[in-house]
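Below is one structure, written out as structure tokens; comments come after it.
Any read-out appearing in this document is the output of simple, stated calculations on the displayed coordinates, not a laboratory observation. Everything numeric here is computed off the predicted structure, so don't read it as measured data. For neighbour counting, all protein chains shown are included, and Cβ atoms are generated from backbone atoms with ideal geometry for every residue, glycine included.
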Amino acid sequence: MKCEECGDEIRPILELAGRSAVSRDTCVYQCACGTCYSNARSERSRRKIVGSPELNVPAEVQPGLGHVLSQAVNERNRPTKKWKFCSDRSEDAVPWTVFRYLQGTRRLGLILSEESSLAPEPSVLFWGVPAGGSDPEPVADQLKDISRRLGERVSGRTEPDVIVVWSNLVVVVEVKLGSGNDRQPGKRAFERYLDKPYLYKQSTAAIMESGYYELVRNWRIGAELAERRGCQDFRLVNLGPPRLAEDTAVVTQQFAITPRRRFDCLEWRVLLRRIGASGSDPWFDHYLARRMRFSR
Ligand SMILES: [Zn+2]
């Protein structure tokens with residue numbers, strides 16, 4: 001096949017065929033330019049995998065990415081996370097670009113469904129790693145401590161995609177691009193996150209049965225993070241394609257939602273419309289036009 005990046009013809013390493021590509025060394029198609037391709041049999045289904053995470057986001061949002069990926073709180077997952085980030089179907093490259101852009105242009109308040117007069121520079125964490133703002137390190141320490149007390153292994157910590165902390169509001173964002181929310185009905189580890197009954201309206205059994213493991217973890221951990229920081233308000237934002245609304249209908253029956261502790265489903269197109277309305281840069285629009293085909 002011809003390399004999409006440099007146009008060179010790539011000679012396949014046929015003995016690697018038939019297995020999935022989990023690193024550059026396991027790809028059948030490895031181009032000398034650094035790009036490689038997943039091992040799908042048909043060329044059209046092959047994912048392009050660039051040589052480094054930075055190459056998969058616009059230059060404007062490259063600074064800081066390498067550091068964050070090397071420190072992501074789920075230690076066991078770090079190499080895989082970095083590898084997946086390089087794919088043209090990465091679930092992480094788009095959120096990084098969008099939130100980093102909002103952070104850089106001091107518009108993170110746009111993730112909220114209401115007009116707000118919040119400070120323009122909140123603390124921000126990506127995958128649990130401090131990434132700017134007024135004072136993100138203590139937030140990261142609190143997150144680790146909550147995880148430890150919940151009994152999570154150091155190698156398997158909950159890793160909220162994005163956390164934004166204002167003086168009186170903690171927002172945890174769980175992002176989906178093309179895929180739906182993670183569901184693992186009956187998973188035993190669920191119980192650990194259901195230890196505070198006031199956060200839920202349904203029984204442990206009912207919540208475990210419907211299986212929204214990732215959302216439950218983020219709800220439990222985000223709520224405690226807000227409490228520990230003395231923030232009155234906590235918001236779990238589920239950002240993704242329109243079909244997440246079906247999940248919202250279920251989890252809003254399970255979570256004990258109050259005016260101060262809320263769950264918001266936010267469609268990508270709604271967020272992008274808000275960003276567009278407040279003015280966006282051509283590089284940003286160009287990137288999203290190419291990368292958001294799967295989630296509209
Ligand atoms: Zn190439």
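Which helices pass in the chain if a helix is a full DSSP H run, must span at least 18 angstrom along its long axis by Cα, and must have mean Kyte-Doolittle hydropathy not below -1.0? The partial results should precede the final answer.
Details: long enough: 136-149 (20 Å, -1.19); 213-228 (23 Å, -0.64).
Within the chain the helices that satisfy the rule are 213-228.
With a sphere of radius 10 Å drawn around the Cβ of residue 34, what net charge do the other residues whose Cβ falls strictly inside it have (Lys, Arg +1; Asp, Glu -1)? List each step's numbers first, then the result.
On the way: positive: 24; negative: 5.
Charge balance near residue 34 sits at 0.
Output the antiparallel fraction of DSSP beta bridges having both residues in region 131-275, as a percent to the nearest 5.
Percentage antiparallel, nearest 5: 30.
Viscosity 1.002 mPa s, temperature 20 °C: Stokes-Einstein D of region 253-296 from its Kirkwood Cα radius, in µm² per second?
Details: Rh = 12.7 Å.
Roughly 168 µm²/s, to the nearest whole number.
Quick check: pseudo-label points 7 Å beyond the Cα along Cα→Cβ at residue 6 and residue 106, how many nm apart are they?
Here the modelled spin labels are 4.3 nm apart.
When the Karplus curve 6.51 cos²θ - 1.76 cosθ + 1.60 is applied with θ = phi - 60°, which whole-Hz ³J(HN,Hα) does each residue of region 8-22 get, with x for Gly and Pro?
6, 7, 9, 8, x, 9, 5, 5, 8, 5, x, 10, 7, 8, 10
Counting Lys +1, Arg +1, Asp -1, Glu -1, what net charge surrounds residue 55 among other residues with beta carbon under 11 Å of its beta carbon? Show your work: numbers first, answer last.
Working: positive: 48; negative: 5, 54, 88.
Spelling it out: positives minus negatives among the neighbours equals -2.
Report the gain in length on full extension from residue 137 to residue 42: 0.36 nm times residue separation, minus Cα-Cα distance, nm rounded to one decimal. Numbers along the way, then the final one.
Numbers: separation 95, 0.36 × 95 = 34.20 nm, distance 4.59 nm.
That works out to 29.6 nm of additional length.
Isolated Cys in the chain by the 4.7 Å beta carbon test?
86, 231, 265, each lacking another Cys Cβ under 4.7 Å.
Hey, any idea what the orientation-averaged projected area of the convex hull of region 1-154's Cα atoms comes to, in nm²? Walk me through the intermediate numbers first.
On the way: hull surface 46.6 nm².
So the Cα hull casts an average projection of 11.7 nm².
Could you state the per residue volume, in Å³, of the convex hull enclosing the Cα atoms of the chain? Write down the numbers at each step before the final one.
Working: hull volume 40.6 nm³, N = 296.
Per residue, the Cα convex hull of the chain comes to 137 Å³.
Can you tell me the mean projection area, over all orientations, of the convex hull of region 127-178's alpha carbons? Units nm², please.
Details: hull surface 17.4 nm².
If I average the Cα hull's projected area over directions, I get 4.4 nm².
Which of the lysines could a cross-linker bridge to residue 201, judged by Cα under 28 Å and excluding same-chain residues fewer than eight apart?
Partners within reach: 144, 176, 187.
Add -39500 (n - 2.57) for each DSSP H run of 4 or more in the chain, then divide by its residues: what number comes out at 222 nm, to the nearest 500 deg cm²/dmol?
Values: 9 runs with 95 residues, N = 296.
-9500 deg cm²/dmol, from helical runs alone.
Expected output is a single nm value to one decimal: the length gained when fully extending between residue 121 and residue 227, i.e. 0.36 nm times separation in residues minus the C-alpha distance. What is it?
The residue 121-residue 227 span can extend by a further 36.1 nm.
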